[in-house]
Amino acid sequence: MTNIIKTTDYTFSENDRILIDANIWLLIYGINSSRIDPGYSEVLGKMKEGNAQLFVNSAIISEYINTTTRIAASNYQRTVWQSEHRSKKFNYKQNYRPTKDFEENYFIAIESAKEEILKDACLIQISQSQISNALQCINMLDFNDQLIVNNAMDNHLSILTDDRDYLKIPTEINIFRLN
C-alpha cells in the first residue's frame, strides 16, 4: 500500500524522482506562503541539494494558479469588498474577476509558476489514459488527486504532498510528507 516517508528522516539523492503537489507549491510560493509554510521550503532545499529530480504537471500548475486567485479573492472580500459593500453578496466571477486586484494576483500567480515552479521542476505531460483512468477510478473522491497519482505511477514518481487524502491511496506509491 501507500508508503509514507517523513522528509525529516530522509536524505534525498539523484535517484529520487518526485512529483510535487500543488499544496506544496502554495505553501512555498503562494500568496500566504511566508505565514503558513510549516517547513516545505527547507524540504525543497534538501531535495535540490541532493539533486533529486523534481516534476510537476499541468493539473498541478492549474490548481496552483486557481487556488492563488481564490485566496486573493477571499482576502479582497474580507478587506475591500466588505468595507465598500457590506450587505451585497460577493461572487468570485462577477465581483472579483473584473477587478485590478484579480488581474494583479493572476499575473503574480502566472509569473510564479513560470519563474519559480518551472525553474525548480520539470513539466511532464498527462496522458489520455491517465485522464480516462481518473474518470473511472473514484478511490480518492478527488479528480485532480487521482490524476496526479496516475501521472506519478505511470512515470515511476513519488509524490511530495501535505494533502491527507493521499494517505489513503489503495496502490503502492511513495508519499513524502513533513509528518
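State to the nearest 20 debye the size of the charge dipole of the chain about its Cα centre, where the only charges are +1 on K and R beta carbons and -1 on D and E beta carbons. Working shown, then result.
Numbers: 18 positive and 23 negative charges, 160 e Å.
Dipole about the Cα centre, nearest 20: 760 debye.
So if a site counts as exposed when it's one of the chymotrypsin sites (Phe, Trp or Tyr not before Pro), its DSSP state isn't H, G, I, E or B, and it has at most 16 other Cβ atoms within 10 Å, what's the longest stretch of the chain without one?
So the longest stretch without any such site is 91-179.
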Taking GluC sites (Glu not before Pro) in a DSSP loop with at most 10 other Cβ atoms within 10 angstrom as exposed, one finds the longest site-free stretch of the chain at 15-171
Taking only Cα atoms of the chain, the Rg to Rh ratio with Kirkwood Rh works out at 1.01
Count of lysine pairs, the chain, Cα-Cα under 23 Å, sep. 8 or more residues or interchain, comes to 10
Checked against the positive end of the charge dipole of the stretch 58-164 (+1 on Cβ of Lys and Arg, -1 on Cβ of Asp and Glu, about the Cα centre), the farthest of I126, H156, Y96 is Y96
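Can you give me the span-like helices of the chain, meaning DSSP H runs with 20 Å or more of Cα extent along the axis and Kyte-Doolittle mean at or above 0.0? Mind showing how you got there, number by number?
On the way: long enough: 58-76 (27 Å, 0.07).
Those that clear 20 Å and a mean of 0.0 are 58-76.
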Of all trypsin sites (Lys or Arg not before Pro) in the stretch 80-117, the ones in DSSP coil with at most 16 other Cβ atoms within 10 Å are R86, K88, K89
For L160, the residues 5 or more places away or on another chain with a placed amide H closer than 5 Å to its own amide H are L19, I20, D21, F176
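Where a number appears in this text, it was derived from the coordinates with a stated rule and is not lab data. Quantities reported herein were computed from a predicted structural model and do not represent experimental measurements. When we count neighbours, we look across all protein chains shown, and the Cβ atoms used for this are built from the backbone with ideal geometry, even at glycine.
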